[in-house]
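What follows is one structure encoded as structure tokens, with my remarks underneath.
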Amino acid sequence: MSDRSHNRKVRGSKIRASRKEKQQKSRRQEQKEIDRLEKQKASKGQSQQARKTVPLDTTFISSEHAFIETDEVNRLRHRVERWLKAGRPTHLIGPTGCGKTALAMYIARERDRPVVWINGDADLTTSDLIGDYAEKEKISEHDKYIHNVLKSKEVVRDRWVDNPLTIAAKEGATLVYNEFSRTKPIANNVLLSVFEEGVLELPGQHGESRYVDVHPEFRAILTSNSVEYAGVHKPQDALLDRLIGIYMDFYDAETEAEILRTHLDEDELSDDRITEIVTLIREFRERLDITVGTRAAIMIGEGVSVVEDPTQAELAEICVDVLTSKVSEYSEVEALHRDIEDTIQETEVSIS
């Protein structure tokens, strides 16, 4: 019988690779996967490092504004700075719009340390201050030491994320806690050990991670409205005992005029108009049953600056628009309008 095997047709693709070639191909694929994972891990590490090196003062606070330095402002500034040098947290208390926050931010920046900002409100919790398990972290493990075998395991776990107070305590930053007394006292209990023992406790953490030694350069400046304001909570006595309290009032006429000049374009509002607005604002404080802050003077100045020659009636309307939010009912607006008109007439303020 003749051998016809060489004429046999083979269905499908022919097997061309030897066992050695297949092993080499498997190793190349394995090494390619390992290299990809290593590259991904390195890229993730670089991204995390980039986030860590972002300056705190550009991450947590707004851009810097011009600050006015007059004799009265400098006296207050030196008082606060003296206590910060002594290592004591300082609590600025006063009516809304009197410049507490601006003073706190200026002093914080002048320390030449990172600045961390917290804005208090009734919904703020301890976790909002210190941090929480707020993210998921995926960890991949690969065994590249067993020949021709690629083992992979992924573990997903909760990851702790620091919030402003913890960051400030670790980094030795200056903490500016604005509207401190609007936060419910129970949330602020965590500050007791920070200010007294220099230790921050992180509820939810375990072992050594539960306690953070406060950096020796850490300082805190807190601001609050007076207790008679709506939405203000009286802080616990144990915490007040650890704070240096400095009460502020509205600045003198000279300082308020300088503040207006800084915020308003001199081409649109002359020195004479600024002086008249400051005079009017200070008269409102004596006559009206509402708080009229320096911020209101700036807003009135902005309204006046867009009117070429405002009449007394137009000036009254501008003042009413700025101050109406201070009254609680529509029926009170008419009375406010009358009081403002009377004040303008009696003080003979002329903005035209």
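The values are calculated or read from the model by the stated rules, or taken from the named source; none is laboratory data. Quick caveat: nothing in here was measured; it's all calculated off a predicted structure. All Cβ positions, glycine included, derive from the backbone under ideal geometry; neighbour counts span all protein chains shown. Protein only, heavy atoms only, side chains kept; ligands, DNA and RNA dropped before computing areas. Shrake-Rupley method; radii C 1.70, N 1.55, O 1.52, S 1.80 Å.
Calculate the dipole size of segment 253-347 relative to its Cα centre from +1 charges on Lys and Arg beta carbons and -1 charges on Asp and Glu beta carbons; express the result in debye to the nearest 20.
My answer is approximately 420 debye.
Round to the nearest 0.05 the FRET efficiency obtained for His215 and Asp342 when R0 = 41 Å and r is the Cβ-Cβ distance.
0.15
Among the listed pairs Lys170/Lys234; Lys85/Lys184; Lys100/Lys234; Lys100/Lys170, which are separated by more than 23 Å between their Cα atoms?
Lys170/Lys234; Lys85/Lys184; Lys100/Lys170
If R0 is 22 Å, what FRET efficiency do you get for Tyr133 and Glu197 from their C-beta distance, rounded to 0.05?
With a Förster radius of 22 Å, E is 0.30.
Between Lys85 and Arg287, what is the label-point separation in nm under the 7 Å Cα-to-beta-carbon projection?
That separation, rounded to one decimal, is 4.5 nm.
Leaving out ligands and nucleic acids, note down the accessible area per residue over segment 253-347 with a 1.4 angstrom probe, in whole Å².
Computed with neighbouring chains in place, this is 55 Å² per residue.
Quick check: residue separation of Ile186 and Asp158 times 0.36 nm, minus the Cα distance between them. What number comes out in nm?
Full extension of this stretch gives 7.5 nm more.
Can you tally the net charge around Arg77? Count Lys and Arg as +1, Asp and Glu as -1, for every other residue whose Cβ sits under 14 Å from the Cβ of Arg77.
Result for the local shell: +2.
Name the chymotrypsin sites (Phe, Trp or Tyr not before Pro) in segment 199-273 that are in a loop by DSSP and that have at most 14 other C-beta atoms within 10 Å, would you?
Tyr229
Taking 35 Å as R0, compute the FRET efficiency from the Cβ-Cβ separation of Ser270 and Val333 and round it to 0.05.
0.70
How big is the C-alpha Rg of segment 253-347 next to the rule-of-thumb value 2.2 N^0.38 Å, as a ratio?
Working it through for segment 253-347, the quotient is 1.02.
In the neighborhood of Glu208, defined by Cβ-to-Cβ distances under 15 Å, what is the net charge if each Lys or Arg adds +1 and each Asp or Glu adds -1?
That works out to 0.
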